[in-house]
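Presented below is the structure to which this report refers.
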Amino acid sequence: MKYTQSKDRLLSLIREGGKLDTLSQVKLTALLSFPSMMAQLVHIMMQYIDASMVGSLGAHASASIGLVSTTIWLFGSLCAAVSVGFYVQVAHKIGASDFVGARQVLRQSFLSCILFALMLSGIGVCISSYLPHWLGGGADICHDASLYFMFFSLCLPFSMLNSLCAGMLRCSGNMHIPSILNIGLCLLDVLFNWLLIFPTRTYQWSMANGQWSITIPGADLGVVGAVLGTAIAFGICSMLMCYFTVVRSKELSLRQDSEPPGSFLPQKNTLRESFRIAAPIAVEHVILCGAQIMSTIIVAPLGTVAIAANSFGITVEALCYMPGYGISDAATTLVGQSLGAGRRFLARSFGRITLGMGMTFMTLMGVVMYCCSPALMSVMTPDVDVQRLTVQVLRIEAFAEPMFAASIVCYGIFVGAKDTLIPCTMNLASIWFVRISLALLLVSGMGLRGVWIAMAIELCFRGLIFLLRFRGDSWLKKSH
């Protein structure tokens, strides 16, 4: 309760033109960042546990998921991009104290987003049997990879609803409900995976008063069980997220409007503004994920161990950028509401604070990853070759984390300012012309290590160009 009151009081000062000194700004940034960071941390721990569960099935199971992971990221990020176009508008309207207008945008967002997710789901199901072959996967992993991607595609509408409602709540200043529900999502995912991946098993232990045993039911579905567990968890969490958005939210609850000021049918102005914000992000994700898929194609000929190590490396590295994305969420809310209230100086000040916090936290997490990666990998897979190679690439990547943080948080700042076209172009140019080019040059002589060296160099370059753009004023002008 004290957290909510303090956060609401400080957010109201943005909308009402009140004075916010540096200490108050840091406090508000921390209040908004911490719940999101905790949700990110639990989500990453869920990925670790998922990876460990699948990893216990062997390198082939890990490789089958790793093969389609970049395409999964593409489909998921397209859903997220479409939702951004609506919830950034809500942040600006709330900053301007136009709560009725914010609820109008919320109503119109549902039909647009769900229809888009259904279309994407249909595409995913249609290509699922061909995708692993297109990506160069071997016959030993293509079957499981196809099934995994098909079931993932079927749950996309729930993923979209979860992303949209979580974004709406965050942009209204409510960080704790999305964080709590996403923590619940992770716990449910682990529970369902535990029941669906493995066969029924019995655990026995001896105690002073005799021998005890417990039988845990299991469906023995392997890789398919992993994606089904995730799908069920998403279904439950997305319904709860929708309930807290449209029923319980103080700013967004649709029950406040006895006579709705608009229908659920999208209006031209709302769609136009959503398209202006979301289209560059969506195009960026398509081309960016094309680069990720290209990276997968570069790695695939290196063999099952390299594919599995690359997949585990991506999962473990998420531990480092967890704080960056949590603080980036706060930056989008704070900058969006500040600019909605017409307070450009405050928006820049929040940008500096979030940027400093993000780079500090991710630097510390890079040190943790460098030191702890051997222990983490020993838990995630019993394959010694996969462990050794993953640790090597993670220690290369650790040095790029401070500048990776700069690009992540700056991006959140720019999105809050409705400045998406140029940052998206910067991301694309960096990953295609720096990362992919260097990876192609280095992979033949250095294998997977060369691919990750290229990634580290590119992340440092990307962080630098984002910092240079933040120093200027052009991004502040996009909110008008």
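The values are calculated or read from the model by the stated rules, or taken from the named source; none is laboratory data. The structure displayed is predicted, hence computed values, not measured ones. As a convention, Cβ positions derive from the backbone with ideal geometry for all residues, glycine included, and neighbour counts pool all protein chains shown.
Here's the yes/no breakdown for (1) in contact (Cβ under 8 Å) with a residue 24 or more places away in the chain; (2) among the small types (Gly, Ala, Ser); (3) more than 30 Å from ALA61 (Cα to Cα):
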position	(1), (2), (3)
LEU252	yes, no, yes
GLY313	yes, yes, no
GLN337	yes, no, yes
ALA347	yes, yes, yes
Output for the range 89-106, where each listed residue is assigned to a helix (DSSP H, G or I) and touching a Gly at 6+ places or on another chain (Cβ under 6 Å)
ALA91, HIS92, LYS93, GLY95, GLN104
I'd like the residue in the range 212-230 that is in contact with an Asp or Glu (Cβ under 9 Å, 6 or more places away or on another chain) and assigned to a helix (DSSP H, G or I) and, out of all such residues, is modelled with the highest pLDDT.
GLY229
Residue within the range 52-69 that is at pLDDT 80 or above, crowded, with 19+ Cβ neighbours inside 10 Å and either assigned to a helix (DSSP H, G or I) or among the hydroxyl-bearing types (Ser, Thr, Tyr) (or both) present
yes
For the range 252-288, name all the residues that are more than 16 Å from GLN89 (Cα to Cα) and modelled with pLDDT of 85 or more.
SER253, LEU254
Condition broken by CYS372, with the remaining ones in (1) out of contact with any Lys or Arg (no Cβ under 9 Å at 6 or more places or on another chain); (2) surrounded by fewer than 21 Cβ atoms within 10 Å (Cβ to Cβ); (3) over 20 Å from MET322 (Cα atoms); (4) at pLDDT below 90 satisfied:
(3)
Looking only at the range 164-211, filter to residues that are small (Gly, Ala, Ser) and assigned to a loop (DSSP other than H, G, I, E, B); which one of those is surrounded by the fewest Cβ atoms within 10 Å (Cβ to Cβ)?
ALA208
Which of the residues that make up the range 142-182 are of a type in the set (Ser, Thr, Tyr) and more than 13 Å from ILE65 (Cβ to Cβ)?
SER153, SER159, SER163, SER172, SER179
The range 123-163, residues that are of a type in the set (Ser, Thr, Tyr) and either assigned to a helix (DSSP H, G or I) or surrounded by 24 or more Cβ atoms within 10 Å (Cβ to Cβ) (or both)
SER146, TYR148, SER153, SER159, SER163
Can you report the number of residues in the range 29-41 which are buried (at least 20 other Cβ atoms within 10 Å of the Cβ) and either closer than 24 Å to THR420 by Cβ or modelled with pLDDT under 75 (or both)?
7
Per the filter on the range 440-473, residues free of Cβ contacts under 8 Å to residues at least 24 places away in the same chain and loosely packed, with under 15 Cβ neighbours inside 10 Å are LEU441, SER444, GLY445, MET446, LEU468, ARG471, GLY472, ASP473
Given LEU135, LEU115, which one is at pLDDT 85 or above and not polar (S, T, N, Q)?
LEU115
Please verify whether LEU421 is hydrophobic (A, V, I, L, M, F, W, C) and either without any contact (Cβ under 8 Å) to a residue 24 or more places away in the chain or in contact with an Asp or Glu (Cβ under 7 Å, 6 or more places away or on another chain) (or both), treating the condition exactly as stated.
no
Can we say LEU74 is surrounded by fewer than 24 Cβ atoms within 10 Å (Cβ to Cβ) and aliphatic (A, V, I, L, M)?
yes
The range 338-396: number of residues that are in contact with a Gly (Cβ under 6 Å, 6 or more places away or on another chain) and over 18 Å from CYS410 (Cβ atoms)
7
In the set ASP385, ASP329, which member is part of a helix (DSSP H, G or I), touching a residue at least 40 places away in the same chain (Cβ under 8 Å), charged (D, E, K, R) and closer than 23 Å to LEU67 by Cβ?
ASP385
